[in-house]
1. Condition check: at pLDDT below 90, open to solvent by 30 Å² or more (accessible area, probe 1.4 Å) and either assigned to a helix (DSSP H, G or I) or farther than 22 Å from Asp8 by Cα (or both). Does Asp46 satisfy that?
2. Of everything in segment 55-65 that's free of Cβ contacts under 8 Å to residues at least 12 places away in the same chain and in a helix (DSSP H, G or I), which residue is surrounded by the most Cβ atoms within 10 Å (Cβ to Cβ)?
3. Give the number of residues within segment 33-43 that are closer than 23 Å to Val106 by Cα and either aliphatic (A, V, I, L, M) or surrounded by fewer than 18 Cβ atoms within 10 Å (Cβ to Cβ) (or both).
4. For the structure I just gave you, tell me whether Thr16 is in contact with a Ser or Thr (Cβ under 7 Å, 6 or more places away or on another chain) and among the hydroxyl-bearing types (Ser, Thr, Tyr).
5. Can you pull out every residue in segment 1-43 that is assigned to a loop (DSSP other than H, G, I, E, B) and of a type in the set (Asp, Glu)?
6. Of the conditions (1) touching a Gly at 6+ places or on another chain (Cβ under 8 Å); (2) open to solvent by 70 Å² or more (accessible area, probe 1.4 Å); (3) at pLDDT 85 or above, Thr120 fails just one. Which one is it?
7. Scan segment 57-67 and tell me whether some residue there is over 23 Å from Met1 (Cα atoms) and small (Gly, Ala, Ser).
8. From the list Asp99, Asp73, which residue is modelled with pLDDT of 70 or more, buried (at least 17 other Cβ atoms within 10 Å of the Cβ), of a type in the set (D, E, K, R) and more than 30 Å from Gln7 (Cβ to Cβ)?
Amino acid sequence: MKQLMFQDDQQFWFETLRNLGLAVYGGSDVGEVIATASRVTSGDYDGWHDAWLSTANRLEAEARTCHPVSARDGLLQSLHLLPGSRVLPARRPHDPRIDHAYQRGVACFRDATAHMPGITPVESPMGTPYCTATSTGRQARARSRRW
């Protein structure tokens, strides 16, 4: 596929495509992705981080004022866009923005699941701290699969 943006930056184009691909499942909005990516200059990792974090924060703030179904959808969109803000910190593994984006994503997920009937948060000890997951209350059956 021809790169429509970031012709000289494969990483930014890949991340833009990843975010566009989420639109099929309601995880992003094509217009939001294009508008956010348009605010970034190729190779500007700080600008990339700031643009995606700003969009995710705006979507989260809007979602928190909405009807429960719209709130759930907006929180999930914010959750899906937050990894885009981690492209810069991935190049700097100890950058505190990695943890900030992760914590915002966890909060969005927890709050979105509060708007999903039949979903109950559960905690599973995965070392320290606990790993939070959700459950529908049904027992899962293990299946043997050949790969």
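The values are calculated or read from the model by the stated rules, or taken from the named source; none is laboratory data. In this text the structure is predicted, and so the values were computed from the model without any measurement. Here Cβ is always computed from backbone atoms with ideal geometry, including for glycine, and neighbour counts include all displayed protein chains. Accessible surface is based on the protein model in full, side chains and every heavy atom, while ligands, DNA and RNA are left aside. Shrake-Rupley method; radii C 1.70, N 1.55, O 1.52, S 1.80 Å.
1. On the way: at pLDDT below 90: yes; open to solvent by 30 Å² or more (accessible area, probe 1.4 Å): yes; either assigned to a helix (DSSP H, G or I) or farther than 22 Å from Asp8 by Cα (or both): yes.
Considered against the rule, which asks whether it is at pLDDT below 90, open to solvent by 30 Å² or more (accessible area, probe 1.4 Å) and either assigned to a helix (DSSP H, G or I) or farther than 22 Å from Asp8 by Cα (or both), Asp46 comes out as yes.
2. Arg58
3. So the first thing to find is which residues in segment 33-43 are closer than 23 Å to Val106 by Cα, and the list is 33, 36.
From what's left, either aliphatic (A, V, I, L, M) or surrounded by fewer than 18 Cβ atoms within 10 Å (Cβ to Cβ) (or both): 33.
Number satisfying all stated conditions: 1.
4. Numbers: in contact with a Ser or Thr (Cβ under 7 Å, 6 or more places away or on another chain): no; among the hydroxyl-bearing types (Ser, Thr, Tyr): yes.
So Thr16 fails the test.
5. First, pick out the residues of segment 1-43 that are assigned to a loop (DSSP other than H, G, I, E, B): 1-9, 26-29, 39-43.
Residues satisfying the conditions are Asp8, Asp9, Asp29.
6. Condition (3) is where Thr120 drops out.
7. Start the filter on segment 57-67 by keeping residues that are over 23 Å from Met1 (Cα atoms), which leaves 57-67.
Still in the running and small (Gly, Ala, Ser): 61, 63.
Yes; the residues of segment 57-67 include at least one that is over 23 Å from Met1 (Cα atoms) and small (Gly, Ala, Ser).
8. Values: Asp99 fails: buried (at least 17 other Cβ atoms within 10 Å of the Cβ).
Within the list Asp99, Asp73, the selection yields Asp73.
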